[in-house]
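Since the structure comes first, as structure tokens, the remarks are kept for the end.
The values are calculated or read from the model by the stated rules, or taken from the named source; none is laboratory data. Keep in mind it's a predicted model, so treat the numbers as computed, not measured. In this analysis, Cβ positions are derived from the backbone assuming ideal geometry, glycine residues included, and neighbour counts consider all displayed protein chains. Quick note on the areas: whole protein, heavy atoms, side chains included, nothing else; ligands and nucleic acids left out. Shrake-Rupley method; radii C 1.70, N 1.55, O 1.52, S 1.80 Å.
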Amino acid sequence: MNMKKLAAEAAVELVQDGMVVGLGTGSTAYWAIQKLGHRVKAGLRINAIATSSSSEELARQLEIPIVSFADIDHIDLTIDGADEADSKLTLVKGGGGALLREKIVAAASRIFYVVADESKLVSQLGAFPLPVEVIPFGADMTKRQIEKLGCGATIRMQAGKCYITDNGNYILDCEFGAIHDPERLHVQLNAIPGVVENGLFINMAHSVFVGYQDGSVRRMEL
Ligand SMILES: O=C(CO)[C@H](O)[C@H](O)COP(=O)(O)O
């Protein structure tokens, strides 16, 4: 059972003609973009804005019209994945390294739908290391400052080199353990010079569509 595909397709059913749609990043958002591609081929008229170069490339292959922020003043609906979601719909995101663009796009969206398989639902955030995007200059110092907040941080690597985001930055994966006060941590992290953004998405998601092993999809709302 492809739980990610089920959840993604349920959310894409709600996309309407004429919308500006935010395209997420990752293996669940992949299925949403595929489904949107099918719907566009069948006549759905939308414009889309992508949260990563990889999602933009996929959308272009599927002939989904792509716009930029210069062309629009808001996004109607964004569909994106998550690494963790709790019962308040607070999220940890950034496992795919796209958290900054994902947060910019989500913040510009009237509706933000999260799509996930059931493994992403948690009673307590923090088992997944929190991704934090940092400027390369002084990254080792920024890392030490972040660690003073009570975590071990690791610079994300890819093929033996520092992973570079679409924005030319590094990702620090920060192991805080249980995150009891996400609002406070969010403020503390973003106050550190060198931190661009962190992967906590608080009061942003309107619904989380969860795909289950038995083939059902449940929509979580507050
Ligand atoms: O935040 C993200 C990318 O930066 C993804 O949404 C998150 O990592 C979930 O990915 P997947 O759907 O592959 O499990």
*Just flag the trypsin sites (Lys or Arg not before Pro) in the stretch 123-165 sitting in loop per DSSP whose Cβ has no more than 13 other Cβ atoms within 10 Å.*
LYS148
*Just the number, please: carbon plus sulfur as a percent of the accessible area of the stretch 130-199, 1.4 Å probe, no ligands or DNA/RNA counted.*
54
*Return the aspartates and glutamates within reach of LYS5: Cα separation strictly under 16 angstrom, same-chain partners fewer than 8 residues apart disregarded; answer none if there are no such residues.*
GLU13, ASP80, ASP83, ASP117, GLU118, ASP214
*Per residue, how much space in cubic angstrom lies within the convex hull of the C-alpha atoms of the stretch 130-199?*
81
*When the Cα centres of the stretch 84-153 and the stretch 1-70 are compared, how far apart do they sit, in Å?*
22
*To one decimal place, what Kirkwood hydrodynamic radius in Å is obtained for the stretch 87-206 from all pairs of distinct Cα atoms?*
14.6
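Mind checking the stretch 12-90 for GluC sites (Glu not before Pro) that DSSP puts in a loop (not H, G, I, E or B) and that have at most 15 other Cβ atoms within 10 Å?
Qualifying residues, ordered by number: GLU13, GLU63.
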*Distance (nanometres) between label positions extended 7 Å along Cα→Cβ at HIS38 and ASN2*: 0.8
*With r as the distance between the Cβ atoms of PHE69 and VAL187 and R0 = 35 Å, compute the FRET efficiency 1/(1 + (r/R0)^6) and round to 0.05.*
0.85
*When each of LYS35/LYS88; LYS120/LYS161; LYS103/LYS161; LYS4/LYS35 is checked by Cα-Cα distance, pairs over 19 Å*: LYS35/LYS88; LYS120/LYS161; LYS103/LYS161
*Virtual spin-label span in nm between HIS206 and SER123, 7 Å along Cα→Cβ*: 3.1
*asked:* Suppose all protein chains stay in the model; what accessible area per residue would a 1.4 Å probe give for the chain, in Å²?
replied: 46
*Under 4.7 Å Cβ to Cβ, no partner at all: give me those cysteines from the chain, in residue order.*
CYS162
_Highest-MSF residue in the chain out of GLY24, GLY43, GLY194 [GNM, Cα springs under 10 Å]_ = GLY43
*asked:* Explain nothing, just compute: Karplus ³J(HN,Hα) = 6.51 cos²θ - 1.76 cosθ + 1.60, θ = phi - 60°, for every residue of the stretch 35-51 in order, whole Hz, x for Gly and Pro.
replied: 5, 4, x, 4, 5, 5, 4, 7, x, 5, 9, 9, 10, 10, 10, 9, 9
*asked:* Please list, in order along the stretch 179-188, the HN-Hα scalar couplings obtained from phi with the Karplus expression 6.51 cos²θ - 1.76 cosθ + 1.60 (θ = phi - 60°), rounded to whole Hz, x for Gly and Pro.
replied: 9, 7, 10, x, 4, 5, 4, 4, 5, 4
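Express in nm, to one decimal, how much length is gained between ALA159 and ARG219 on full extension, taking 0.36 nm for each residue of separation and deducting their alpha carbon distance.
Length gained, ALA159 through ARG219: 17.8 nm.
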*Size of the dipole of the stretch 130-199 about the Cα centre, Lys and Arg at +1 and Asp and Glu at -1 on the beta carbon, nothing else charged, in debye to 20?*
220
*In whole Å and largest first, what semi-axes does the C-alpha gyration tensor of the chain yield when each eigenvalue is scaled by 5 and square-rooted?*
29, 20, 15
